[in-house]
1. Based on this model, can you work out whether residue 450 counts as over 43 Å from the mean Cα position of the chain (by Cα), modelled with pLDDT of 95 or more and exposed (fewer than 15 other Cβ atoms within 10 Å of the Cβ)?
2. Quick check: is even one residue across region 241-258 in contact with a helix residue (DSSP H, G or I) (Cβ under 8 Å, 6 or more places away or on another chain), within 16 Å of ligand 1 (Cβ to nearest atom) and closer than 19 Å to residue 82 by Cβ?
3. If residue 284 satisfies every condition in (1) touching a helix residue (DSSP H, G or I) at 6+ places or on another chain (Cβ under 7 Å); (2) within 15 Å of ligand 1 (Cβ to nearest atom) but one, which is the exception?
4. Please enumerate the residues belonging to region 374-394 that are surrounded by 13 or more Cβ atoms within 10 Å (Cβ to Cβ) and part of a loop (DSSP other than H, G, I, E, B).
5. Return the residues of region 39-69 that are away from ligand 1 (no atom under 11 Å from the Cβ), crowded, with 24+ Cβ neighbours inside 10 Å and closer than 14 Å to residue 89 by Cα; say none if nothing qualifies.
6. Scan region 316-329 and report the pairs whose first residue is not assigned by TED's automatic domain parsing to the domain that holds residue 551 and whose second residue is part of a strand (DSSP E or B), with Cβ atoms within less than 7 Å and a gap of 6+ or a chain change.
7. For region 323-351, enumerate the residues that are surrounded by fewer than 18 Cβ atoms within 10 Å (Cβ to Cβ) and assigned to a strand (DSSP E or B).
8. Does any residue in region 222-238 that is over 20 Å from residue 29 (Cα atoms) come within less than 8 Å, Cβ to Cβ, of a residue that is within 14 Å of ligand 2 (Cβ to nearest atom) and in a helix (DSSP H, G or I) six or more places away or on a different chain, and which pairs are these?
Ligand code: ATP
Ligand code: MG
């Protein structure tokens, strides 16, 4: 086996087998089939990368198909958001399709089924039908309406379509097997009455097809060769095949459903229904809140499409559900931003430093590299002056030898600038340090080539010149849930695990080059982490989101 073949995932093996057994490459066609009832989340990214990845690998078309059969929950806003997110992730669909485009065809096929005696109108309540379902080991009971005449069924189904019946009073059921060991085969519902306007077909229809009846037939209409879905549909495969058996023409391609594991991410939820709850209950500010597991939330948080694709590649496609640690996702964004994000300096918890031997009113513009990982990123000028901010955590009056930051009598280098020495400090009446007085070594300027500039001191600190500092709102995010898998507890609702401290808003002091920063721009704030400009930013007020800190917890876990 060549290496390339060995690295195939099991889904790709299924396709390879089919190619060996008679499919031609021209037969291959895939689809990504979201229901437009919410925004896409990181779990969907797996399905998107899988389906569009197959399209790229085999040069086969991939449709974007909206599975829009439930007008009660679906909206145009979601359709637009889904398209935006798939494109942003870097994929191009062949054609944009809607299950609702097939409503007439599905209806016509349903009429055929009735004529063949394979579907009937039931007018029991859903409770009555549920009571007749039986158990996996006990056969169900047949509906009293199961053996209506074809003509009566045709008449009732037409009247369902014409709007004569109220919701919940009539359904069309497939007549399969009330004793099947697969409960889904016990006369599943194909149509229900819903007097709701649909975001595309408006009020043309008041009966809507169910998922199982719609999905396989839509695949068939589009001549999708492989219909990949998540494991919870494994039991539905028998029904998918039964419905196809009723309509497939032998000289056309017959789609195949295969299943892969759903991806779950720790400390969050990946379910549109639950994400909607967070939005509606205002736990977050919206679907694209940077704390959300949505693609749009991750985008706003500062994630790049590459980092998400790399993450999805790394976790691969699995046959069993499992939980992926969110720190792996963070590892990937850190890795990508390390390559592309310009370095800047900003202080988030400021402590004033006065350099007593630096001439008052003087300013020096220091030439500084934008990205040590990327020489083509060029340089910029940052101002140095007598009054600077450093982080409060970077100064102590006294500290042991392992503290490589600034302490009284000790020296540190200011990044791209000079070596300074702390001489004294001032405290407020509560004993908090409010200012540090330092001296600097005028010959120690970074990159000046003097002996002093090459002198090694243990610590290097980031800093910002006080008179030049730009004030910005900085939003620091933490995990949205305190529990690793908030929605797996039997006795507790996932909402009970919402982290009350998932957002902290502070004021940061940033180097003046950032005055030009635009929404979406990403930076490394040196020694602090990766940050990006939030769309809430304006000319009056810069707003930054912390994408991720610099510390690599994932590598630590892996390396232990
Ligand atoms: P949700 O519960 O969030 O609504 P869903 O499966 O109902 O998820 P769909 O819009 O039907 O969402 O999903 C479109 C495609 O994405 C389906 O093929 C589905 O199997 C897949 N998908 C959804 N969630 C995940 C996930 N967590 N991991 C992998 N694939 C997923
Ligand atoms: Mg769904």
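The values are calculated or read from the model by the stated rules, or taken from the named source; none is laboratory data. As the structure is a computational prediction, the values presented were derived from the model and not from experiment. When we count neighbours, we look across all protein chains shown, and the Cβ atoms used for this are built from the backbone with ideal geometry, even at glycine.
1. Answer is no for this residue.
2. The answer is no, given that none of the residues of region 241-258 is in contact with a helix residue (DSSP H, G or I) (Cβ under 8 Å, 6 or more places away or on another chain), within 16 Å of ligand 1 (Cβ to nearest atom) and closer than 19 Å to residue 82 by Cβ.
3. (2)
4. Correct list: 374, 385, 386.
5. Hits for region 39-69: nothing passes.
6. Between residues of region 316-329 that are not assigned by TED's automatic domain parsing to the domain that holds residue 551 and residues that are part of a strand (DSSP E or B), there is no close pair.
7. 323
8. What qualifies is 236/212.
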